[in-house]
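The values are calculated or read from the model by the stated rules, or taken from the named source; none is laboratory data. Keep in mind that this is a model prediction, so the values were computed, not measured. Reconstructed Cβ throughout: ideal geometry from the backbone, glycine too, with neighbour counts over all protein chains shown. When the accessible area is computed, the model is the full protein with side chains, heavy atoms only, and any ligands, DNA or RNA have been set aside. Shrake-Rupley method; radii C 1.70, N 1.55, O 1.52, S 1.80 Å.
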Amino acid sequence: MRIAAALMLAGACAYAQAPYERIRQAWREPANWLTYSGSYDAHRYSALGQLTPSNVGRLRPLWVYQAGEQEIEVSPIVVDEVMYISEAPIGVTALDIHTGRSLWSWIRPTPADLTTIGYGRVNRGVAVLDNLVYVGTLDAHLMAFDSRSGAIRWDTVVADYRSGYGITAAPLAINGKVITGVSGGEGGIRGFIDAYDAKSGKRLWRFWTIPAPGEPGHETWAGDSWKTGGGPTWLTGSYDPELNLLYWGTGNPGPDWNGTKRGGDNLYTCSLVALNADTGKLKWHFQFTPHDDHDWDATEIPVLLNTTVRGRKRKVVAMANRNAFYYLLDRATGEFLLGTPFAKQTWAKGLDDHGRPQVLPGTSPSQKGSLVWPSMHGATNWPSPAFNPKTNLFYVPVREMGSYYFSWDVEYKPGARFTGGAERALPADQASGAVRALDVSTGERRWDFRLHTPPWAGLLTTGGGLVFGGTNEGNFFALDAVSGKPLWDFQTGGMIEANPISFAIDGKQVVAITAGHSVFVFGLQ
Amino acid sequence: MFHDPAHGCCLTVAALLIAAACGAPSRQPADPIAAMTPADLAHGRRLFESQCADCHGATGEGGRGANLAVPHLKYAPDNAALFRVIMSGIDGTEMPAVRGFADRDVWHVAGYVRTLGRTAAVTLPGNARRGEKLYASLQCASCHTINAQGGTLGPDLTGVGVRRNAMFLRDCLVDPAKTLPENFVMIRARTLNGREVRGIRVNEDTFTIQIKSLDGQFSSFRKTALASLDKLQETPMPSYRGRLFGPNLDDLVAYLASLRGGL
């Protein structure tokens, strides 16, 4: 019995694939990609330097994995020679990184009465911690799988999908906990961020993004509008282990385009919240777009970095926001340090000394339609920016697009669209995209690489001096990180609406991207 | 498992009927348009005016998009088909799928579209048979195909009377630059070694462009091999302003408007 117990214990230790300490120090092992953004500070930066401007022109596909029929938006995880992806509509697959062959796969259909209001039937990736793989589902479950076999270890219901909730974001696994947000801002939900015990799936805490009566911030909602206030939390946040703070973006207030019955700033929508990771208590918040009526969710990646702002070294969180402004905030206190447009915007004269926008008249949605830049999808969106500590540049996937915004009355019904209007973007030939490099500490533009259409692909940057990105027309490409010069491109044949990663196979650097419904891995000969 | 063959069949049928009655709700109700309230139709109208009117006209009279103010819609012979057309678009045409609409929203738009069909049909001036002769004498078939006959440089006109309304067709003839479809943009590409190619843009991305010359040849370029790439205001479609007017123009428009498809 003792021998058997010892063997079991040994087996359990061998399965502790990705303990928290490894993920916390992800920078030590760039041969893996241990969390959604590569590291808790969300730089989406690979320290691997084998691929350089001089050899990237020889990149070629090494293998392709074709997932199911639907297009996928996943950013893979790589741990110890296994790649983990989520699949549409609800599934997880483990792949051998040498060949792309499946090691195990689990998929189930969505409920027949599922409606995903305001978002597609997608999933953006998994999280790994110890020997478990975690995924959120369209019908608002959080699930844990054994990383070696795909056996389900727990399956927790996070919310009722019939009330408009769903999960599309990759969870974030930190010390003993798995953090998830929810989608549903077009369905009149009350948004939240949850933490679950990583081993048991039991909920540890919940932070509601819309404060109830008596809670701070409730006074920013007129009447009962807080009950259907929205504030979804549908993109993976970042984590500072030293401050023990989670940084999470929140989405739009509801109804999206009609703010008449929800007077007030509508906290904490369109904000960045900093939460104590142990308790979920709010340490600070910053609201980018008070009383938003353009659907400019602040669900963009919060990037944690250290830089010099106006001559003083600061620990900041940088965000290129959907509302077309680039922000630097002190990440310990939330103090506003800098805010400057990074794309065309016609809705604000500027930001005041506290970062509050000075909104121009006539820019709210109207019955006949109001023309405003940026469009509803914003000057950037969920696709990841990237920060390269060697170039000190912050790279943003930019959408240059304007729209007509319409507004009308709407009544809340559970499970129905609650937007109070519509948006109609300008024709395609009046829109474009770019990979835009900003000086990280000032937001000034350093270079632009123009894209044919506004992108739905994120960026990766590397220690070898490259920036990788994708296009709607299927091009996966590499740019010189210093100059923006295009160095290599490949036609994948499918729309790229995902973020690239980099890792190593047998010590050789590779890059991976999802295009269409396939995962492509590229390396040198 | 039924061991009694005499009763097995009846029990199986009963089981199937019960299963059907208790089955999971289907995604599309049978025909919710019949039960629509004025509020539903008003919502449908608002969605239509903000999302559809650009192509189909403020009251569905058509333009770049089909005239919807008619009792029968070719691509929507019944309401379920109309739902699908709005939800998923029409392959091979400029009608896109909606994005981010719940089923209920699409039904509201469909319901509103059906109300447009109750307006009286408009009678066009002009004689379609005389227009057909004019089409031949102007040699339009050198660039356009109707029912598999003719050239392929310009758009296929089979069914153009369903896709575009009469006013738009008139504009196509007298002001073709204004009505140029997105997939018939004229491009001039000049390569670094001095070659010039003019033609219709077939496809373009950040790195490459594919062009079809007026003689039907395809060219493919990497943009880094080009000295310049310009969109041209001209079109290969000649303008008939000043050459066709009055009854002649009416006849040709009437002929084109009569092309409802049929291969």
To the nearest 0.05, how large is the calculated FRET efficiency for B:A148 and B:D215 if R₀ is 22 Å and r is the Cβ-Cβ distance? 0.55
For the pair B:Y75/A:A151, report the inter-label distance in nm, with labels modelled 7 Å from Cα in the Cβ direction. 5.2 nm
If you put +1 on each Lys and Arg Cβ and -1 on each Asp and Glu Cβ, how big is the dipole of region B:142-207 around its Cα centre, in Debye rounded to 20? 160 debye
The whole-number value in µm²/s of the Stokes-Einstein translational diffusion coefficient for the protein assembly as shown, with Rh from the Kirkwood sum over alpha carbon pairs at 37 °C and 0.692 mPa s, is 115 µm²/s
Mean-square fluctuation check for chain B, GNM, Cα pairs under 10 Å: which of B:G63, B:G154, B:G111 is largest? B:G154
Which of A:K281/A:K315; A:K227/A:K315; A:K202/A:K413; A:K227/A:K283; A:K177/A:K283 have a Cα-Cα distance over 25 Å? A:K227/A:K315; A:K202/A:K413
For chain B, taking Cα atoms only, what is the radius of gyration to one decimal and the Dmax to the nearest whole Å? 24.7, 86
Taking R0 as 30 Å and r as the Cβ-Cβ distance between A:S200 and A:R121, the FRET efficiency 1/(1 + (r/R0)^6), rounded to the nearest 0.05, comes to 0.55
How much of the DSSP beta bridge set in the protein assembly as shown is antiparallel, as a percent to the nearest 5? 95 percent
Would you pull out the residues with amide H under 5 Å of B:T206's amide H, same chain only if 5 or more places away, H placed 1.01 Å from N? A:H452
Could you state the accessible area per residue of region A:418-525 in Å², with a 1.4 Å probe and every protein chain left in place? 28 Å²
Derived scalar couplings ³J(HN,Hα) [region A:484-493; Karplus, 6.51 cos²θ - 1.76 cosθ + 1.60; whole Hz; x for Gly, Pro]: x, 5, x, 10, 6, 8, 9, 8, 8, x
When every protein chain stays in place and a 1.4 Å probe is rolled, A:V410, A:V303 sorted by accessible area with the largest first are A:V410, A:V303
Lys and Arg at +1, Asp and Glu at -1: add these up for the other residues within a Cβ distance under 15 Å of A:T289 and post the number. -4
Suppose a student asked you for the relative contact order of region A:71-219, using Cα pairs under 8 Å spaced at least 6 residues apart; what percent would you report? 16 percent
Other-chain or far-sequence residues with amide H under 5 Å of A:L103's (modelled H): A:A94, A:L95, A:D96
Multiply the residue separation of A:E21 and A:R101 by 0.36 nm, subtract the distance between their alpha-carbon atoms, and state the gained length in nm to one decimal. 25.9 nm
Which residues qualify? For A:C270, with a placed amide H closer than 5 Å and at least 5 residues away or on another chain, they are A:T250, A:G251, A:N252, A:A298
Sticking with the crude label model, points 7 Å out along Cα→Cβ, report the distance from B:V202 to B:A97 in nm, one decimal please. 2.6 nm
Lys pairs in chain B, Cα-Cα under 20 Å, at least 8 apart or on separate chains: how many? 4
Accessible area, probe 1.4 Å, largest first, for residues A:M143, A:M401: A:M401, A:M143
For the pair A:W284 and B:A177, the simple spin-label estimate (label points 7 Å beyond Cα toward Cβ) gives in nm 5.7 nm
Work out from phi, with θ = phi - 60° and the Karplus expression 6.51 cos²θ - 1.76 cosθ + 1.60, the ³J(HN,Hα) of each residue of region A:212-219, listed in order in whole Hz, and give x for Gly and Pro. 7, x, x, 8, x, x, 4, 5
The rounded separation in angstrom of the Cα centers of region A:377-427 and region B:190-263 is 34 Å
Cβ-based net charge around A:W106, under 14 Å, with every Lys or Arg adding one and every Asp or Glu removing one: 0
Of the DSSP H helices in chain B, those whose Cα atoms cover at least 15 Å axially and whose Kyte score averages 1.0 or more: B:5-22
Scoring only Lys, Arg, Asp and Glu (+1, +1, -1, -1) among other residues with Cβ under 15 Å from the Cβ of A:M401 yields +3
Excluding ligands, DNA and RNA, the carbon-plus-sulfur percentage of the accessible area of the protein assembly as shown with a 1.4 Å probe reads 54 percent
Estimated 222 nm signal from helices in chain A, with DSSP H stretches of n ≥ 4 weighted -39500 (n - 2.57), rounded to 500: -1000 deg cm²/dmol
Say we join alpha carbon atoms closer than 10 Å with springs in a Gaussian network model of chain B; which of B:A136, B:A66, B:A80 then has the biggest fluctuation? B:A136
